[in-house]
Amino acid sequence: MTVNRAVNGAPGGYPPGGAQARQARELLEEERRTRLAQLAVLEHADDGAPDEASLARRESLQGTLEEIDAALARLDDGTYGLCEDCGEPLPEGRLEILPYARRCVQCQQRRR
Ligand SMILES: [Zn+2]
């Protein structure tokens, strides 16, 4: 647990239009393209008769795509990079691994 630095009213590191926001958007759009391509491959391979594993995989890809879209919306309204639950900025490392993360690790774990 890190020391709770005062962030009252402080914006996250991703003001809309800023360089970091642009970078995050590029990352998210790339993720989106990758997922869409994976989805297309799965759909093509299924040829109208998907098996259970393929359906589960597709569902998870669609879920991820929704998360990516939600993250892009947060970039637009300036809340990207902030934990949805506690409002603390997410550590950069977390966003590098999971650019569409909604919550910090602590809050995410509390939900499981
Ligand atoms: Zn949190």
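Tabulated values for the structure
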quantity: Förster radius 25 Å - calculated FRET efficiency between ALA56 and ARG33 (Cβ-Cβ, nearest 0.05); calculated: 0.70
quantity: Solvent-accessible heavy-atom area per residue, rounded to whole Å², over the chain at 1.4 Å; calculated: 68 Å²
quantity: Surface/4 estimate of mean projected area, convex hull on alpha-carbon atoms of the range 19-110, nm²; calculated: 6.7 nm²
quantity: GLU66 versus ARG111: modelled label distance in nm, points set 7 Å from Cα along the beta carbon direction; calculated: 1.2 nm
quantity: The chain, helix-only ellipticity at 222 nm - DSSP H runs n ≥ 4, -39,500 (n - 2.57), divided by all residues, nearest 500; calculated: -19500 deg cm²/dmol
quantity: Average Cα contact separation per residue, the range 19-110, under 8 Å, 6 or more apart, as relative contact order %; calculated: 27 percent
quantity: Additional length obtainable on full extension of the chain from ASP76 to GLU26, 0.36 nm per residue less Cα span; calculated: 16.7 nm
quantity: Acute angle (nearest 10 degrees) that the helix 52-77 long axis makes with the longest principal axis of the chain, alpha-carbon atoms; calculated: 30 degrees
quantity: Rounded percent of accessible protein surface that carbon and sulfur make up, the range 19-110, 1.4 Å probe; calculated: 49 percent
quantity: Listed residues ARG111, ARG102 arranged by accessible area, highest first, probe 1.4 Å; calculated: ARG111, ARG102
quantity: Using alpha-carbon coordinates, inclination of helix 19-46 to the longest axis of the chain, degrees; calculated: 20 degrees
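The values are calculated or read from the model by the stated rules, or taken from the named source; none is laboratory data. Quick caveat: nothing in here was measured; it's all calculated off a predicted structure. Glycine also receives a Cβ, built like all others from the backbone with ideal geometry; neighbour counts cover every protein chain displayed. What goes into the accessible areas is simple: the full protein's heavy atoms, side chains included, and nothing from ligands, DNA or RNA. Shrake-Rupley method; radii C 1.70, N 1.55, O 1.52, S 1.80 Å.
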